[in-house]
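Inspection log for the structure reproduced underneath, given as structure tokens.
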Amino acid sequence: MSNSNIKKVILGIDPGLAITGYGLISINKRNIKLLDYGVITSGAKDAFGSRLHHLYQELTKIIKKYRPDEVAIEELFFAKNAKTALKVGQARGVAYLAAWQSKSIVREFTPLQVKQAITGYGFAPKQQIQRMIKLLLALKTVPKPDDVADALAIALCSAQTKIF
């Protein structure tokens with residue numbers, strides 16, 4: 001960004017099939033402003049394709065409403081259960097598609113990169129990340145559920161990381 005007066009909107013996404021967290025921030029010079037955050041949920045009893053379609057529709061609505069310049073998505077880094085990892089990977093793909101279709105810049109970050117950007121330590125515990133989100137965005141409380149705080153951390157990571 002050559003002109004520091006330009007406002008940039010960043011959407012952070014913590015993808016998941018049951019719960020996808022999202023967080024929107026805007027940056028103008030050094031000022032960071034929280035625009036919106038929340039979760040997109042789907043029921044475990046719903047058909048798998050229906051759940052993915054719902055996620056796509058809801059993300060598309062958010063993207064159309066806020067028109068982010070960047071969409072930052074957490075990379076799938078580690079999963080104990082291969083079946084869960086595949087489902088989260090498919091939800092990630094849906095999020096990536098929705099972002100890509102909007103012609104926003106799409107960036108991906110590992111949990112390690114997000115933790116490093118937010119706390120300066122790549123192995124910081126979740127509670128430390130949450131406290132930093134509260135502090136950086138001047139919030140009264142930590143956003144809940146955890147997926148929201150994670151999405152906001154991903155957006156802030158993108159804001160702090162230059163594109164080369």
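Just a few scattered comments:
- Only one entry of D36, D46 meets the criterion of being of a type in the set (D, E), farther than 26 Å from D69 by Cβ and free of Cβ contacts under 8 Å to residues at least 60 places away in the same chain, and that entry is D46.
Per-residue answers, yes or no, for (1) over 16 Å from Y22 (Cα atoms); (2) of a type in the set (A, V, I, L, M, F, W, C):
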residue: L112; (1), (2): yes, yes
residue: F123; (1), (2): yes, yes
residue: R131; (1), (2): yes, no
residue: V142; (1), (2): no, yes
residue: D147; (1), (2): no, no
residue: Q160; (1), (2): yes, no
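- Any hit, segment 89-109, residues being modelled with pLDDT of 95 or more, crowded, with 17+ Cβ neighbours inside 10 Å, under 26 Å from K140 (Cα atoms) and not hydroxyl-bearing (S, T, Y): no
- Summed over segment 120-130, residues that are over 17 Å from A155 (Cβ atoms) and part of a helix (DSSP H, G or I) total 2.
- Scanning segment 136-158 for residues that are part of a helix (DSSP H, G or I), surrounded by fewer than 18 Cβ atoms within 10 Å (Cβ to Cβ) and either at pLDDT 95 or above or within 14 Å of the chain's Cα centre (by Cα) (or both) yields a count of 1.
The values are calculated or read from the model by the stated rules, or taken from the named source; none is laboratory data. Note that the structure is a prediction, hence the values are computed from the model and not measured. Heads up, the Cβs are rebuilt from the backbone with ideal geometry, glycines too, and the neighbour counts pull from every protein chain shown.
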